[in-house]
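In what follows, a single structure is set out as structure tokens and then discussed.
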Amino acid sequence: MKKARQTARDRSKELGAVTARLATAQSQLDRLAAEAERLVEAYNGELVRLRQAEQLYAQSMTRLAAADAEAERVRQEVALLATESYGGMAPMAPIIGMITDRGDREGALHRAGVLVQLWGERAAVLGRMKDAQQVAAILRTEAANAYAAQQAASERVGAAKSAAEAAVAEQQEQTKELRARTVVLRHQVDKARSRAKLLAQQRAAALPGLVSGGSATGDMAANWALTQLGKPYVWAAAGPDTYDCSGLTMRAWERAGVQLDHWTGTQWTAGPHVPLDQLRRGDLLFFGYVKDDPSTIHHVGIYVGDGQMVHAPQTGDVVRVAPIWRGDLVGATRPQ
């Protein structure tokens with residue numbers, strides 16, 4: 001009996017030690033995946049901002065072209081006036097008439113009025129030219145600023161892409177070794193732990209009471225996402241053969257008639273936030289560190305009921321179903 005108790009204590013210590021090593025290895029895997037996905041989503045966000053900057057620049061150039069055309073039209077009016085003033089005697093006819101026709105006072109007054117009108121028209125044309133030039137100058141500055149913003153956005157995209165590529169490469173290199181280690185450790189844990197204890201822990205981890213039903217659009221998004229199971233994760237991909245996490249959710253809700261950006265940052269604000277005990281199929285589940293800072297959200301999945309989600313996990317993995325309960329679960333959104 002004493003020997004049996006000692007054996008049990010030894011097995012218990014062995015289980016504790018192996019479980020701790022497994023937890024450490026799994027934590028390293030989770031950290032690598034989270035950091036890689038955070039940088040991938042940062043890249044997706046910069047692409048969204050670049051498209052916005054490109055649209056603003058295109059709009060600025062359209063307005064500038066219109067302003068330049070108007071300035072040129074008025075400039076031609078001024079050039080015509082200059083030709084009339086310095087190329088012939090027609091504008092001076094009222095004055096000449098006043099000098100030569102001394103007996104006709106009524107005619108002289110009429111000619112004087114015509115002269116005033118002519119100079120008034122010239123002043124109005126010159127004023128329009130000045131206004132058109134000022135507008136064109138303002139819009140030219142605006143277009144230059146929009147171009148600079150577009151260039152800056154393009155540079156940020158390049159930097160974000162490089163950071164994401166480096167993070168994914170590091171993740172791939174380290175994940176291979178860590179996964180091999182976790183396979184061995186998991187086998188040791190399963191061997192040391194009794195079947196009864198394992199089942200008890202699984203029952204304790206299950207949290208009942210979730211709402212599994214969904215709306216018609218939510219069901220449509222969830223059902224479509226389930227048709228993509230097994231397709232490889234590729235960062236910044238949005239189908240039809242490969243996906244990253246926000247690319248999968250964007251396409252799923254697109255099938256349901258709701259347009260989302262390819263970025264967790266705006267998907268997080270694409271609808272009302274839903275309490276986790278009121279989840280419906282199709283709701284988006286977000287994983288990160290700070291709820292009020294979209295830049296810390298690094299992953300998103302689609303709730304499919306019974307505490308499960310479908311998601312595109314990380315480089316080297318495929319679209320699959322997994323439990324939603326993770327330590328970095330920060331909340332859910334119901335797109336609309």
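Couple of notes before you dig in:
- Under-5 Å amide H pairs with LEU279, H placed in peptide plane, nonlocal only: VAL211
- Protection proxy ranking, peptides 264-271, 38-45, 234-241, average beta carbon neighbours within 10 Å, highest first: 38-45, 264-271, 234-241
- For the pair ARG31 and GLU170 in one chain, pulling the backbone fully straight at 0.36 nm per residue adds 48.9 nm over the alpha carbon distance.
- In order along region 318-327, phi translates into HN-Hα couplings of 10, 4, 7, 9, 8, x, 7, 7, 10, x Hz, rounded to whole numbers, per the Karplus curve 6.51 cos²θ - 1.76 cosθ + 1.60 with θ = phi - 60° and x for Gly and Pro.
- Hydrodynamic radius of region 285-336 per Kirkwood, over alpha carbon pairs, in Å: 11.6 Å
- Note that region 153-164 has calculated 3J(HN,Hα) couplings of 4, 5, 5, 5, 4, x, 5, 5, 5, 4, 5, 5 Hz, one per residue in order, obtained from phi through the Karplus relation 6.51 cos²θ - 1.76 cosθ + 1.60 (θ = phi - 60°); glycine and proline are x.
- Loop-located trypsin sites (Lys or Arg not before Pro) in region 244-320 (DSSP state other than H, G, I, E, B) with a sparse environment of at most 13 neighbouring Cβ atoms within 10 Å: LYS291.
- Region 226-336: translational diffusion in µm²/s, Stokes-Einstein, Kirkwood Rh over Cα pairs, 4 °C, 1.567 mPa s: 96 µm²/s
Readers should treat all values here as calculations from the given coordinates under stated rules, not as data from a laboratory. Source: prediction; values computed, not measured. Quick reminder, even Gly has a Cβ in these numbers, built from the backbone with ideal geometry, and neighbours come from all protein chains shown.
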